[in-house]
Amino acid sequence: MAGSRSQEQERPKEPSDGPKASAPGGSGEGQGTPPEQSQAAAAAFPPTFSVSEIKNKQRRHFMFLRWKQQQRKEKLAIKKKRKKEREALGEKAPPKPIPKTIENQRVYDETTVDPNDEEVILDEATDEFASYFNRQTVPKILITTSDRPRGRTVRFCEQLSTCIPNSHVYYRRGLALKRIIPQCISRDFTDLIVVNEDRKVPNGLVLSHLPEGPTAHFRMSSVRLRKEIKRKGKDPTEHQPEIILNNFTTRLGHSVGRMFASLFPHDPQFVGRQVATFHNQRDYIFFRFHRYIFKNEKKVAIQELGPRFTLKLRSLQKGTFDSKFGEYEWIHKRREMDTSRRKFHL
């Protein structure tokens, strides 16, 4: 062992490829630079490295935070510089560039519809929801749950029924959904909402339009009850709310939006100042229930009443609920459809 160590010590060092970094404007050691100056230049200008190469976790996290802070400072400095330039130019300043987002860089969908198109108007006049928009049918909703629901799901259904006028809550106990649908039709219910749960948390929603469908299956997430919402207002009143549908632009989105709109009467009572919003963003449907308050002639504030939740469409089926022999109009297949972050279906 001692002999091998002495051989390693006597082994000559391999020639290096030269300094990794040098002072700007200077020359390397091969061009006559003294060794003291080259060592100082290497210390002042270390070679570039990635934060991920640091093996110590705490040190890596610390360096990452410093890098993020430096990035923010540089971004803020550029922003201030541009602001000063725009103030100096005055009216001659060029228009502000539109920031690039996933929404405005969206891949064009051939099924995007224009609400004023004659074909779309004709389809709306003859589809399953035409009688609701013509005020010939009054919505009557049955809200039920999965078999033997737990406390959180029960409270969510009760709060959801206060948002939807003329809705009734029924708790299932071993009764199959295929047996519930004929009973709903015989009792003149127009829609059936089924809230599913997993591990005591609501995680799915089935919306079936009666008596001929269609039926939509959603994945539910981010459920917040009234007591979990900060700065919430008082409980909703019995006034019929207004409905706001945002960003349902494709054929599929148009159908889903009309399904939601058919849950509510089309004669809102503006005295109640209540609004139910279904906002579609990147194929996620956000539900919010607000009350707006007039502070003066120019200022209006809103109060969230709750509950709130987020839906993601999984499938759209023709007819009423039928898991075995139902014909599906659309099914979300992640590996085939989610090929781009800028492609949306609603």
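The values are calculated or read from the model by the stated rules, or taken from the named source; none is laboratory data. Not measured: the values here are computed from a predicted model. As a convention, Cβ positions derive from the backbone with ideal geometry for all residues, glycine included, and neighbour counts pool all protein chains shown.
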The one condition in (1) modelled with pLDDT of 90 or more; (2) surrounded by fewer than 16 Cβ atoms within 10 Å (Cβ to Cβ); (3) not aromatic (F, W, Y) that K343 fails to fulfil | (1)
Does V169 satisfy being closer than 17 Å to M259 by Cα and among the β-branched types (V, I, T)?
-> no
Scanning region 240-270 residue by residue, the ones that are within 18 Å of P165 (Cα to Cα), in a helix (DSSP H, G or I) and in contact with a Ser or Thr (Cβ under 9 Å, 6 or more places away or on another chain) total 0
Residues of region 245-276 being among the β-branched types (V, I, T) and more than 18 Å from E124 (Cα to Cα), which ones?
-> V271, V275
In region 118-154, the residues that are touching a residue at least 60 places away in the same chain (Cβ under 8 Å) and in a loop (DSSP other than H, G, I, E, B) = D127, E128, F129, R135, V138, P139
Which residue pairs have Cβ atoms closer than 7 Å, lie 6 or more positions apart in sequence or on different chains, and pair a first residue in region 80-109 that is closer than 30 Å to L346 by Cβ and modelled with pLDDT of 85 or more with a second residue that is among the aromatic types (F, W, Y) and surrounded by 10 or more Cβ atoms within 10 Å (Cβ to Cβ)?
-> R106/F344
In region 277-329, what residues are of a type in the set (S, T, Y), touching a residue at least 24 places away in the same chain (Cβ under 8 Å) and in a strand (DSSP E or B)?
-> T277, Y284, T310, S315
Only residues that are in contact (Cβ under 8 Å) with a residue 40 or more places away in the chain and acidic (D, E): list them for region 229-276, please.
-> D235, E238, D267
Within region 216-228, is even one residue among the hydroxyl-bearing types (S, T, Y), surrounded by 16 or more Cβ atoms within 10 Å (Cβ to Cβ), touching a residue at least 40 places away in the same chain (Cβ under 8 Å) and part of a strand (DSSP E or B)?
-> no
Got a sec? Which of P139, P182 is exposed (fewer than 14 other Cβ atoms within 10 Å of the Cβ) and modelled with pLDDT of 90 or more?
-> P182
Quick one: in region 288-316, of everything that is within 11 Å of the chain's Cα centre (by Cα) and surrounded by fewer than 18 Cβ atoms within 10 Å (Cβ to Cβ), which residue is nearest to L160 (Cα to Cα)?
-> T310
With (1) crowded, with 19+ Cβ neighbours inside 10 Å; (2) out of contact with any strand residue (DSSP E or B) (no Cβ under 8 Å at 6 or more places or on another chain) as the list, and P211 as the residue in question, which single condition is left unmet?
-> (1)
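Quick grid of which residues meet (1) assigned to a strand (DSSP E or B); (2) within 28 Å of the chain's Cα centre (by Cα):
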site	(1), (2)
C157	no, yes
R173	no, no
E197	yes, yes
P211	no, no
E238	no, no
Among the residues of region 69-113, write down those that are of a type in the set (D, E), under 29 Å from the mean Cα position of the chain (by Cα) and surrounded by 10 or more Cβ atoms within 10 Å (Cβ to Cβ).
-> E103, D109
For E242, state whether it is within 30 Å of D127 (Cβ to Cβ), at pLDDT below 90 and surrounded by fewer than 19 Cβ atoms within 10 Å (Cβ to Cβ).
-> no
Within region 103-111, identify whether any single residue is of a type in the set (V, I, T), touching a strand residue (DSSP E or B) at 6+ places or on another chain (Cβ under 8 Å) and not assigned by TED's automatic domain parsing to the domain that holds H254, and answer yes or no.
-> yes
If you check L192 against the conditions, is it surrounded by 13 or more Cβ atoms within 10 Å (Cβ to Cβ), assigned to a strand (DSSP E or B) and either free of Cβ contacts under 8 Å to residues at least 24 places away in the same chain or of a type in the set (A, V, I, L, M, F, W, C) (or both)?
-> yes
